[in-house]
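Undergrad: Right, I'll just put the structure down here and ask away after.
The values are calculated or read from the model by the stated rules, or taken from the named source; none is laboratory data. As the structure is a computational prediction, the values presented were derived from the model and not from experiment. Every residue, glycine as well, gets a Cβ built from its backbone with ideal geometry; the counts of neighbours run over all protein chains shown.
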């Protein structure tokens, strides 16, 4: 059953134009769905339309079958975790968490019990009397969570909840949120610009670009089969090469990008000289160590610009005669390659897994 | 109008500026500046000291050398029926003017912060104009209005005049506070089921408390001390400053010094009280 | 600790709110019937005689003081309902009648009416359109006053006010009647009917005097204070009142009447239009016309009474004589104030003098 | 009612209350005053008319011009003196006082007199400067003067002193704020570049504090421009200011149309000063990028 149904939702702001543009989507009960996109893509506005902080110019919002498009926030069965937590600075942690129930005039004993329960769930029992100002970022985050789940909403809306945390904490919270989702069994709708976060936590990801949902799928789906160069580059990194079709012979497509010629296995038919964009994942490429390429790998050559050590990964930039350098990721743990690095400035051959090359019609960015 | 710097905001700026390390060398300029500052402070307080000293001096003329210590002037001031009545009138006016100002001024600050409407810029400028406009203009223009409306002048017309003149104080203070108020906490409150009035009462109000108390105190003291507007709008009753004003034209005795000392003591108490009341909040916000 | 401080702070806030809330009490003290509001010259609502009136009549008296006859009309123009009773000099009375700021007086309710000097009763400016608009209750002359310890030879002319010797020690009343005085000194025949040219001359003369003037005062209290604090040695005064007060403070002062003659005036009670306290107003007028009122004012101010019948019962024969109560022809020798027909030009001229550098 | 409708209604209510107040108690009075300024004085009050005589009078009659010029002069002197007093104090406080507590205390000490009655402070100057006042009696007692001088009181000098004393905190506050906002790193950078102390002050500190100076002058100038109490209490025969004229037009002269015209002129001057200062402040900001 769909717990959230958005139909042709459109919202403009003066000066900003159409921020949400004809968005239609469904979210099933119990799902963990992420709206992913860069800042300004309309994902937060979509969330605010669902929460009721904004009203759409056109379209409708339904939550568990009920049309809530025109309802005030306090009449909607959803709760929100805000980006900057939005804790009430003049209230203690337990007052913050209990606020929703207090407003609903729940009996005092019940409020107390539920506050304890919610705080236990986020692991903050001992801070019940503290003021928000006395908490760390992660603790505030937990209070915001506890406050939002205490009323057991049908949907929990999370607006960039982890963006203000440092990297370590963020990773830990990602896991915790995931567990919380499983424990509570309610629908989570997360908004984020962080692709890792989206990939780690979500059952399903909706990618937004300029007010529209451009792709909808599970994380592996999106990663393996991006629908556009935009998605390919947004989810993980991709080398995007603008190329022209040089010819097609059966399943093999020959493309040219500047000085580079590649032959790619491709069933789809292209016109000769048609513009295409190739998306090549850095981790599917490698610096060639053998004299000969393995079967199924294409080879291009270039000059090494530099190596960037990123912990478990080594990122190598190679000048292949195009505008942007070609990036290669090498897993250090497995190969121990760092000892045999070709020096900066030296010529290098790059081998690419042909099967991983994705071809989009048209040139990206034009 | 950026010239309107609310006082409590200033104090906060001040509180935020931390201690710094002193410079390594002693420098002459610094000592000259400090000496100058001392002189200015002395000049600022000299009249106030004179006022206080002569309120205890047993001489009808305020002249040196001092004579005996006396409390007579206080005894006289505190048994002066006209003056006590004027004092009560001043309390009455200041209380209601402050209450009215707070209500209208807070709503106005919200309107400026939260809504867009045609003529908003004119409204913004108009509402803070009395802050800098000589009081005599406010007084006279409102006198014109009451005459056209056929209102008889009374303490109530004075209250309306003061409220109009002082709204600018509340608007600038509360507006400055609203700008720093996180709108998300209001949304959070609504999100958690609170009606707008509940959100205002439980969330907004406690968070603009300092601006409200601060501007209320400023308004109260300003209204208590107001002359130019009162001069044109008062009827049968006099406020304390108007009483003093008319007394100054009549015979001047150190009784006025005694009244003045009492007023200054009261004002000082109010200010210290307000600084103390608002102190904790500033600390919390700093984080 | 924290919570204690918090509690104290809450207590402080509440206490403050209550303290301020107490200020609502004066609402109960609002002006009401029986609260007689006077707009008068100083000395006309002195506690020495008002206390008895309040006790007898049950009316409460509250006074606001004027510093000039030009103060009456503006205060009434600003709106009704503020003042009940006014003490207006004859020359300013007709203006108020014509402006509709005052009520006519039913003299049948003033038992002492026929005892008042005819000269005052019959003044044209209080008998307008066949009705009586004012009750004359006191009169006097306005001489000059000087410090005998600072000015040792008694001056005899208004010209002393232009004497550079007394630069910075001269006081002048902030009132258009200063024009009449200067005119008289310049030998202008009719100070109340000056031509433009004469008015210009008078204005120039007064502007010439400005550097010598210490202060243009506007109330009796102010000029008394100026004398007492040694700011002023010589000034125009309201006969009697200042002398009395300064005498009490042991300041050596003396009045003199210049050879050009002194201003004369008489003051009248008038009732403001729409007064809610008509009864109390009439009671006060009648009280002021009785011996208690006539002598009360005369004692405080040193002015003369208009009701010689009543005055005789309360003044000593010497006082009666000193105040010219037996010699009403004395009034004829004074330059009684009149309303200048071209009052606007006069007002403007006086304002120009004050505005000049 | 829908949430959206309720929100719009709420916004309308929010706007209408202060808007109504402003229209009734500010806009209407100014409009009435403006209307009156074209009326003609006619005994006893005035009659409706549309003529510019009242305004022409302001330019033609020398007495009004003189007073306007004098008021300008005194307000300017007051602003200048207040600036010369307040700036060094604010500078000292911001840059030379290093303890936050002391700085806070002195700051409070300077603005606290604002809460002490205006009238009483003006009156006290009268008792200080008078012939028998504190100053004169001290000078005579100490033998500096043989006899009291009348030079202290009832002239423009005493008015300037009184007005400066009353309004100096208004000059101090915005300058302090402006100086406080100057990043210390800028000053250090300037010194780093080898610019001397005076150079740093003239090239960096002073220009950056211009908005504060402008705001302070605006306040002080406008408030002293419209004062009518100091001239009354401590001014002499040559101390008549424009607000006294207004007062007398609504008082003894009973010429409301002329009084209204002068009030409108004052209003216009104040608006002009505010606009100018807004411009200056903005320009100052632009200069600094």
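Undergrad: Looking for something within 14 Å of chain C (Cβ to nearest Cβ), at pLDDT 85 or above and in a helix (DSSP H, G or I) - is there at least one such residue anywhere in segment B:29-45? Walk me through how you get there before you give the answer.
TA: So in segment B:29-45, the residues within 14 Å of chain C (Cβ to nearest Cβ) come out as none.
No, there is no match, as no residue in segment B:29-45 is within 14 Å of chain C (Cβ to nearest Cβ), at pLDDT 85 or above and in a helix (DSSP H, G or I).
Undergrad: Scan segment A:1-36 residue by residue and report those that are over 23 Å from residue A:222 (Cα atoms) and not in a strand (DSSP E or B).
TA: The answer is A:1, A:14, A:15, A:16.
Undergrad: Out of (1) more than 14 Å from chain D (Cβ to nearest Cβ); (2) farther than 22 Å from residue C:185 by Cβ; (3) at pLDDT below 90, the odd one out for residue C:357 is which?
TA: Of everything listed in (1) more than 14 Å from chain D (Cβ to nearest Cβ); (2) farther than 22 Å from residue C:185 by Cβ; (3) at pLDDT below 90, residue C:357 misses just condition (1).
Undergrad: For segment D:98-124, which positions are crowded, with 21+ Cβ neighbours inside 10 Å and not in a helix (DSSP H, G or I)?
TA: Residues satisfying the conditions are D:116, D:117.
Undergrad: For segment C:308-329, indicate whether the set of residues that are under 30 Å from residue C:152 (Cα atoms) and touching a residue at least 60 places away in the same chain (Cβ under 8 Å) is non-empty.
TA: The answer is no; no qualifying residue exists.
Undergrad: When you go through (1) within 29 Å of residue C:85 (Cα to Cα); (2) more than 12 Å from chain D (Cβ to nearest Cβ); (3) surrounded by fewer than 22 Cβ atoms within 10 Å (Cβ to Cβ) one by one for residue B:149, which number turns out not to apply?
TA: Tallying (1) within 29 Å of residue C:85 (Cα to Cα); (2) more than 12 Å from chain D (Cβ to nearest Cβ); (3) surrounded by fewer than 22 Cβ atoms within 10 Å (Cβ to Cβ), residue B:149 fails exactly one: (2).
Undergrad: May I pose another question? Would you kindly identify the helices (runs of 4 or more DSSP H) lying entirely within segment D:175-271 that contain at least 1 residues that are out of contact with any strand residue (DSSP E or B) (no Cβ under 7 Å at 6 or more places or on another chain) and buried (at least 24 other Cβ atoms within 10 Å of the Cβ)? Can you show your working first?
TA: Values: elements: D:184-192, D:197-200, D:210-225, D:229-234, D:242-250.
Those helices (runs of 4 or more DSSP H) span D:210-225, D:229-234, D:242-250.
Undergrad: Are any residues in segment D:125-156 surrounded by 15 or more Cβ atoms within 10 Å (Cβ to Cβ), in a helix (DSSP H, G or I) and within 7 Å of another protein chain (Cβ to nearest Cβ), and if so, which ones?
TA: D:125, D:127, D:128, D:134, D:137, D:138, D:150
Undergrad: Out of (1) under 22 Å from residue C:236 (Cβ atoms); (2) surrounded by fewer than 18 Cβ atoms within 10 Å (Cβ to Cβ), what's the single condition that is false for residue C:304?
TA: For residue C:304, the failing item is (2).
Undergrad: Quick one: count up the residues across segment A:32-50 that are surrounded by fewer than 24 Cβ atoms within 10 Å (Cβ to Cβ) and touching a helix residue (DSSP H, G or I) at 6+ places or on another chain (Cβ under 9 Å).
TA: Within segment A:32-50, residues that are surrounded by fewer than 24 Cβ atoms within 10 Å (Cβ to Cβ) and touching a helix residue (DSSP H, G or I) at 6+ places or on another chain (Cβ under 9 Å) number 3.
Undergrad: Output the number of the condition that residue A:103 fails; it satisfies all remaining conditions of (1) within 12 Å of chain B (Cβ to nearest Cβ); (2) closer than 22 Å to residue B:180 by Cβ.
TA: It is condition (2) that residue A:103 fails.
Undergrad: Here's a check for you: in segment A:315-353, which residue that is part of a loop (DSSP other than H, G, I, E, B) and closer than 15 Å to residue A:285 by Cβ is modelled with the lowest pLDDT? It would help to see each step written out before you state the result.
TA: Initial filter on segment A:315-353 (part of a loop (DSSP other than H, G, I, E, B)): A:320-325, A:336, A:341-346.
When the remaining residues are screened for being closer than 15 Å to residue A:285 by Cβ, the result is A:320, A:322, A:324-325, A:342.
Details: A:320: 86, A:322: 82, A:324: 84, A:325: 88, A:342: 79.
Here the answer is A:342.
Undergrad: Could I ask something else about it? Regarding residue D:81, is this residue surrounded by fewer than 21 Cβ atoms within 10 Å (Cβ to Cβ), more than 8 Å from chain B (Cβ to nearest Cβ) and touching a helix residue (DSSP H, G or I) at 6+ places or on another chain (Cβ under 6 Å)?
TA: On the way: surrounded by fewer than 21 Cβ atoms within 10 Å (Cβ to Cβ): yes; more than 8 Å from chain B (Cβ to nearest Cβ): yes; touching a helix residue (DSSP H, G or I) at 6+ places or on another chain (Cβ under 6 Å): yes.
Yes, satisfied.
Yes/no matrix, rows are residues, columns are (1) within 11 Å of another protein chain (Cβ to nearest Cβ); (2) touching a helix residue (DSSP H, G or I) at 6+ places or on another chain (Cβ under 9 Å); (3) buried (at least 22 other Cβ atoms within 10 Å of the Cβ); (4) under 21 Å from residue B:240 (Cβ atoms):
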site	(1), (2), (3), (4)
B:154	yes, yes, no, yes
B:167	yes, yes, yes, no
B:170	yes, yes, yes, no
B:174	no, yes, yes, no
B:181	yes, yes, no, no
B:184	yes, no, no, no
B:196	yes, yes, no, no
B:215	no, yes, yes, no
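Undergrad: Right, something else. Being within 20 Å of residue D:267 (Cβ to Cβ) and exposed (fewer than 15 other Cβ atoms within 10 Å of the Cβ), is that true of even one residue in segment D:28-49?
TA: Yes: one or more hits.
Undergrad: Can you give me the ranges of the helices (runs of 4 or more DSSP H) entirely in segment B:151-256 with at least 3 residues that are under 30 Å from residue A:151 (Cα atoms)? Before you say what the answer is, go through the steps one by one.
TA: On the way: elements: B:155-180, B:183-191, B:196-199, B:205-225, B:228-233, B:240-249.
Output list reads B:183-191, B:196-199, B:205-225.
Undergrad: Scan segment D:203-210 and tell me whether some residue there is within 13 Å of chain B (Cβ to nearest Cβ) and either under 25 Å from residue D:54 (Cβ atoms) or within 21 Å of the chain's Cα centre (by Cα) (or both).
TA: Here is the first cut: in segment D:203-210, the ones within 13 Å of chain B (Cβ to nearest Cβ) are D:205, D:210.
From what is left, the residues that are either under 25 Å from residue D:54 (Cβ atoms) or within 21 Å of the chain's Cα centre (by Cα) (or both) are D:210.
There is at least one residue in segment D:203-210 that is within 13 Å of chain B (Cβ to nearest Cβ) and either under 25 Å from residue D:54 (Cβ atoms) or within 21 Å of the chain's Cα centre (by Cα) (or both).
Undergrad: Sort through C:215, C:210 and tell me the only one that's under 27 Å from residue C:346 (Cα atoms) and over 22 Å from the mean Cα position of the chain (by Cα).
TA: Details: C:215 fails: over 22 Å from the mean Cα position of the chain (by Cα).
Sole residue among the options that is under 27 Å from residue C:346 (Cα atoms) and over 22 Å from the mean Cα position of the chain (by Cα): C:210.
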